[in-house]
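Novice: Mind having a look at this structure? Questions to follow.
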Amino acid sequence: MTLVECNAIRCEAMQWTAILGASGIGKSTLLRVLAGLPTHWQFKGDIRASDGNPLSGRVAMMAQQDLLLPWADLIENVTLGARMRGERVDTEYVLEIIDRVGLADHMHKRPTQLSGGQRQRVALARTLMENRPLVLLDEPFSALDTRTRSQMQDLAAELLEGCTVLMVTHDPAEATRMGHRVLWLNSSGIEDIPLPDSKPPRAVDDAEALMMQGQLLRRLREES
Amino acid sequence: MRALLTICASIALSLLLWQSVVSIFSLPHYILPGPFRVATALIDNAALLSEHAITTLIEVVIGLLLGSTLGALTAMAMAYSRPARVLLKPVLAFSQALPVFALAPILTLWLGYGLGSKVAMAVLIIFFPVMSAFLDGLLRTPSGWLDLATTMGASERSILLKMRIPNALPSLGAGIKLAAVYAPIGAVIGEWVGSSSGLGYLMLLASGRAKVDLMFAAMIVLGVMSVTLYLLTGRAVDRLVHRYSDRVA
């Protein structure tokens with residue numbers, strides 16, 4: 001059985017590529033393959049970066065769950081990567097990142113003392129600390145309420161400036177708002193969906209993006 | 001305060017029941033002594049009882065510490081290394097199929113009548129519950145954390161130290177609490193098979209001389225000692241793992 005078959009997916013450097021598709025279509029599996037994580041599927045093909053170097057060690061990942069360690073406080077969670085690798089933690093950089101995600105007042109709180117939105121900002125800070133050129137986002141904001149989600153999207157777009165971002169989502173609104181490009185993953189392969197020329201993140205009431213979002217939702221519904 | 005009252009009421013009720021069984025069936029004291037007779041024996045033999053209680057307590061505490069440590073270390077080795085896990089699992093499962101009590105005579109033969117054989121019995125009984133509870137916790141690390149650690153480029157060793165172990169500490173705590181209940185059983189069985197002191201020994205001695213009231217007194221001391229040990233261990237364990245037990249909803 002084949003999960004999905006396609007010739008090539010190209011992600012432009014320093015842009016957001018949104019991968020949109022129904023659940024179970026293999027979006028997350030695609031990210032796991034790129035991140036070098038084990039999957040239940042066999043991947044036939046190759047992954048190349050334009051500079052010719054392998055991807056391993058240059059990828060950071062952020063998931064739908066914040067994956068914070070409940071016993072560790074905010075700083076310990078943000079610096080998890082360095083601590084796991086036994087590296088010295090750059091204190092100044094940590095404080096700067098925590099400040100940029102707006103959590104400077106919660107420095108020593110533990111995850112249970114934070115709200116869902118705050119926790120996801122900690123996860124974003126942890127991702128930023130990794131300082132990797134390729135960032136994989138697996139529906140990172142889908143567990144948040146609509147208002148918090150749109151704020152998180154703006155924050156992520158601002159802070160991940162300069163990174164190549166590949167974002168998996170099942171939400172046409174998120175794809176049309178955040179993507180420089182949208183790739184629609186369906187059973188017959190991958191389709192490149194043209195997006196408005198405006199620069200993401202598009203305003204929440206951007207007429208073109210909203211129109212686009214509606215069309216995508218219609219197609220998603222028709223497919224299943 | 002309320003809890004204390006409940007406990008007192010429950011003890012009073014048990015004593016009442018005990019006395020009424022003795023009175024109603026007019027049982028002779030060499031079959032079932034009444035609570036007053038046992039209390040008298042308890043007071044009259046206070047020095048003797050405490051001397052033997054101390055022996056048993058030492059066996060139990062050393063056994064508990066040693067058994068928990070060995071169990072925890074084995075669990076960590078098994079979580080860290082797949083070969084260790086694959087090789088040790090059948091052996092440990094088989095060892096649990098053997099009745100540990102059957103090993104008591106052999107342990108006494110090897111380690112003599114002293115402290116060693118009783119500690120060994122306690123360790124044998126404790127080892128498995130601690131090991132399996134901890135191992136279970138160590139292997140149930142959420143897969144999302146492991147994925148995160150992998151993309152971060154973490155080594156197996158730091159995954160064990162910074163994710164698996166902290167995450168499994170509440171399971172280890174539960175195992176050690178269970179061990180505190182089992183440890184006295186091991187020590188007393190060790191004493192029954194061969195010893196010259198300890199509460200188990202005292203019970204056998206009293207039984208041989210038909211001093212049933214002294215047997216009951218020794219049993220009560222053992223019971224109180226075990227419950228106290230359980231409560232103290234529980235409190236110490238809860239304090240140590242407290243930070244690690246609040247889970248994410």
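Novice: On average, how much area does the Cα convex hull of segment B:1-139 cover when viewed from any direction, in nm²? Mind showing how you got there, number by number?
Specialist: On the way: hull surface 53.2 nm².
Reported value for the Cα convex hull: 13.3 nm².
Novice: At 0.692 mPa s and 37 °C, plugging the Kirkwood radius over alpha-carbon pairs of segment A:164-224 into Stokes-Einstein gives what diffusion coefficient in µm²/s?
Specialist: On the way: Rh = 11.9 Å.
Approximately 277 µm²/s, per Stokes-Einstein.
Novice: May I ask you to rank B:108, B:69 by accessible area, largest first, using a 1.4 Å probe over the protein chains only?
Specialist: Working: B:108 15, B:69 75 Å².
Result, largest first: B:69, B:108.
Novice: Right, next: So for B:25, A:43, what's the accessible-area order with a 1.4 Å probe, most first?
Specialist: These residues rank, largest area first, as B:25, A:43.
Novice: I've got another one for you. Can you give me the solvent accessible area of residue A:180 with a 1.4 Å probe, rounded to the nearest 10 Å²?
Specialist: Approximately 60 Å² for this residue.
Novice: Treat every Asp and Glu Cβ in segment A:154-224 as -1 and every Lys and Arg Cβ as +1, leave all other atoms uncharged, and give the resulting dipole magnitude about the Cα centre to the nearest 20 debye.
Specialist: 160 debye
Novice: Per-residue accessible area for residue A:95 at 1.4 Å probe radius, Å² rounded to 10?
Specialist: 80 Å²
Novice: Which sequence of B:225, B:76 reflects their accessible areas, 1.4 Å probe, from the largest down?
Specialist: Numbers: B:225 30, B:76 55 Å².
Accessible-area ranking of B:225, B:76, largest first: B:76, B:225.
Novice: Roughly speaking, what is the centre-to-centre gap between segment A:74-118 and segment B:55-84 when only Cα atoms are used, to the nearest Å?
Specialist: 36 Å
Novice: Do you know the Lys pair count in the protein assembly as shown for C-alpha distances under 26 Å, with sequence separation 8 or more or different chains?
Specialist: Count of close lysine pairs: 9.
Novice: Of B:174, B:101, A:74, which is farthest along the charge dipole of the protein assembly as shown in the positive direction, counting Lys and Arg as +1 and Asp and Glu as -1 at C-beta?
Specialist: Among B:174, B:101, A:74, the one farthest towards the positive end of the dipole of the protein assembly as shown is B:101.
Novice: Which of rounded, prolate, oblate describes segment B:45-242, given a ≥ b ≥ c as roots of the alpha-carbon gyration tensor eigenvalues and a/c under 1.5 marking rounded, otherwise prolate only if a/b is larger than b/c?
Specialist: prolate
Novice: Right, another one. So how do B:180-192, B:231-243 stack up, highest first, on mean other-Cβ count within 10 Å?
Specialist: The densest-packed peptide leads the list: B:180-192, B:231-243.
Novice: With r as the distance between the Cβ atoms of residue A:40 and residue B:14 and R0 = 45 Å, compute the FRET efficiency 1/(1 + (r/R0)^6) and round to 0.05.
Specialist: 0.20
Novice: Right, something else. At R0 = 56 Å, how high is the FRET efficiency between residue B:136 and residue A:208 if r is their beta carbon distance? Nearest 0.05 is fine. List each step's numbers first, then the result.
Specialist: Working: r = 54 Å, r/R0 = 0.97.
So, using R0 = 56 Å, E works out to roughly 0.55.
Novice: Mind grabbing the accessible area of residue B:162 for me, 1.4 Å probe, Å², rounded to tens?
Specialist: Residue B:162 exposes around 60 Å² with every protein chain in place.
Novice: May I pose another question? Please list, by residue number, everything in segment A:46-63 whose backbone N is under 12 Å from a paramagnetic label point 7 Å out along Cα→Cβ of residue A:90.
Specialist: none
Novice: Roughly what would the spin-label model give for residue B:58 and residue B:86, points 7 Å off Cα along C-beta, in nm?
Specialist: A separation of 4.6 nm, rounded to one decimal place.
Novice: Now a separate question. What ratio of Cα Rg to 2.2 N^0.38 Å holds for segment A:70-131?
Specialist: After normalising by residue count via 2.2 N^0.38 Å, the value is 0.99.
Novice: Can you run the Rg to Rh ratio on chain A? Use alpha carbon positions and the Kirkwood inverse-distance Rh.
Specialist: 0.97
Novice: I'd like the distance between the alpha-carbon centres of segment B:91-143 and segment A:171-224, rounded to an integer number of Å.
Specialist: After rounding, the separation between the Cα centres reads 61 Å.
Novice: Considering every residue in A:80-89, what mean count of other chain Cβ atoms within 10 Å of its Cβ is obtained? Please list the in-between numbers first.
Specialist: On the way: counts 7, 6, 1, 5, 12, 6, 5, 1, 0, 0.
Averaged over the peptide's residues, the number is 4.
Novice: From the backbone phi of segment B:4-15, what are the Karplus-calculated ³J(HN,Hα) couplings (6.51 cos²θ - 1.76 cosθ + 1.60, θ = phi - 60°) in whole Hz, Gly and Pro given as x?
Specialist: The phi angles translate into 4, 4, 4, 4, 4, 4, 5, 5, 4, 4, 4, 4 Hz.
Novice: I'd like the Karplus ³J(HN,Hα) series for segment A:25-32: coefficients 6.51, -1.76, 1.60, θ = phi - 60°, whole numbers in Hz, and an x wherever there's a Gly or Pro.
Specialist: 7, x, 5, 5, 4, 4, 5, 4
Novice: Shape of the protein assembly as shown from its Cα gyration tensor (a ≥ b ≥ c, root eigenvalues): rounded if a/c is under 1.5, otherwise prolate when a/b > b/c, or oblate?
Specialist: Details: a/c = 3.22, a/b = 2.67, b/c = 1.20.
Prolate, since a/c reaches 1.5 and a/b exceeds b/c.
Novice: Using a basic spin-label model with each label point 7 Å from the Cα along Cα→Cβ, how many nm lie between residue B:143 and residue A:186?
Specialist: 2.9 nm
Novice: Can you pull the one-decimal nm distance between simple spin-label points at residue B:155 and residue B:227, each 7 Å off the Cα toward Cβ?
Specialist: It is 5.0 nm.
Novice: To the nearest 0.05, what FRET efficiency results for residue B:51 and residue A:143 with a Förster distance of 60 Å applied to their C-beta separation?
Specialist: Rounded to the nearest 0.05, the efficiency is 0.45.
Novice: Could you check how much of the accessible area of chain B is carbon and sulfur, as a whole percent, using a 1.4 Å probe? Write out the running numbers ahead of the final one.
Specialist: Working: 9790 of 13510 Å².
In chain B, the share of accessible area belonging to carbon and sulfur is 72 percent.
The values are calculated or read from the model by the stated rules, or taken from the named source; none is laboratory data. Quick caveat: nothing in here was measured; it's all calculated off a predicted structure. Methodologically, a virtual Cβ is constructed for each residue, glycine included, from the backbone with ideal geometry; neighbour enumeration extends over all protein chains shown. Quick note on the areas: whole protein, heavy atoms, side chains included, nothing else; ligands and nucleic acids left out. Shrake-Rupley method; radii C 1.70, N 1.55, O 1.52, S 1.80 Å.
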